[in-house]
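Here is the structure we will look at, set down as structure tokens.
The values are calculated or read from the model by the stated rules, or taken from the named source; none is laboratory data. Everything numeric here is computed off the predicted structure, so don't read it as measured data. Note that each Cβ is placed from the backbone with ideal geometry, even for glycine, and that neighbours are counted across all protein chains shown.
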Amino acid sequence: MITVYGFTVGRASRALWALEEAGEPYAFVRLDPSLGEHRTEAYLALNPAGKVPTLVDGDFVLTESGAIVTWVADRHPGLGLAPPAGTPARAHYLQWCFFVLTELEQPLWTQTKHTFVLPPKLRVPQVIDTAKKEWSRPTAVLSAQLSARPFLLGEDFTMADVLAGHSLAWARSLGLPLGSDTLEAYADRVLGRPALARTTARERAGS
């Protein structure tokens, strides 16, 4: 069975959400960062970066949420959670996955780090204002893409929407405006999916 290691709240939610969308059985191992459980010798053997999520399936180990959600989608081609490799649709799918991870997420991570993740002596409060300003640029791009379609690739939900939806939920938790009615409606649409509700329940249960 697939096992996913992660924190209660964080990027591991993307991996769990992907597995719930695919109907794939899995176990969730909740790590406690306050106890340094992501820095143990055993965990670092799986993920030398000491980060989450980490997916383990037998001898197969995969890290990075974008890679994990795409791998899950490719295991279930009949569900249409990612377009077939080698197609223009697949190229656009990867484009939006990379956009979320490199553009949309970065202002969120910057604000989060300088609010509570980094030790107090390393936080730079002034950076938070810059991050908030930077947030408006990728959200405008995302909103334009969604102006005439329900999901990033069109009519069908894909794992690119898992990545984007998770980032928008993160933004809401930080009190950041999404900047448009289009993006608010999109966030409500993807964050209201039953698979995400099941993900939240599994995270809370911690198994």
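Being over 20 Å from the mean Cα position of the chain (by Cα) and of a type in the set (K, R) narrows it down to one of K113, K132, K121, so name that one. Before the answer, list the steps.
Working: K113 fails: over 20 Å from the mean Cα position of the chain (by Cα); K132 fails: over 20 Å from the mean Cα position of the chain (by Cα).
That would be K121, the only listed residue that is over 20 Å from the mean Cα position of the chain (by Cα) and of a type in the set (K, R).
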Counting just the residues of segment 131-149 that are outside any helix (DSSP H, G or I) and touching a residue at least 24 places away in the same chain (Cβ under 8 Å), which one comes out farthest from Q106 (Cα to Cα)? S147
Give the residue that is farthest from A160 (Cα to Cα), with candidates limited to residues of segment 85-118 that are in a helix (DSSP H, G or I) and hydroxyl-bearing (S, T, Y). T115
Single residue of segment 172-202 satisfying the filter (hydroxyl-bearing (S, T, Y) and assigned to a helix (DSSP H, G or I)) that is nearest to Y26 (Cα to Cα): T199
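For every residue, the table says whether it meets (1) within 27 Å of F157 (Cβ to Cβ); (2) surrounded by 19 or more Cβ atoms within 10 Å (Cβ to Cβ); (3) among the basic types (K, R).
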| position | (1), (2), (3) |
| --- | --- |
| M1 | yes, no, no |
| H38 | no, yes, no |
| A49 | no, no, no |
| D57 | yes, no, no |
Failed item, numbered, when K121 is tested on (1) surrounded by 15 or more Cβ atoms within 10 Å (Cβ to Cβ); (2) of a type in the set (D, E, K, R); (3) assigned to a helix (DSSP H, G or I): (1)
Suppose we filter V61, V72 for residues that are outside the structural domain of A144 (by TED's automatic domain parsing) and either in a loop (DSSP other than H, G, I, E, B) or touching a Ser or Thr at 6+ places or on another chain (Cβ under 9 Å) (or both); which single one remains? V61
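Residue-by-condition table, conditions (1) modelled with pLDDT under 95; (2) among the aliphatic types (A, V, I, L, M); (3) closer than 27 Å to V72 by Cβ; (4) in contact with a strand residue (DSSP E or B) (Cβ under 6 Å, 6 or more places away or on another chain):
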residue: R123; (1), (2), (3), (4): yes, no, no, no
residue: V127; (1), (2), (3), (4): yes, yes, no, no
residue: S147; (1), (2), (3), (4): no, no, no, no
residue: V162; (1), (2), (3), (4): no, yes, yes, no
residue: S167; (1), (2), (3), (4): no, no, yes, no
residue: W170; (1), (2), (3), (4): no, no, yes, no
residue: Y186; (1), (2), (3), (4): no, no, yes, no
residue: A195; (1), (2), (3), (4): no, yes, yes, no
Residues of segment 4-42 being of a type outside the set (D, E), in contact with a Leu (Cβ under 7 Å, 6 or more places away or on another chain) and more than 21 Å from G165 (Cβ to Cβ), in sequence order, are Y5, H38
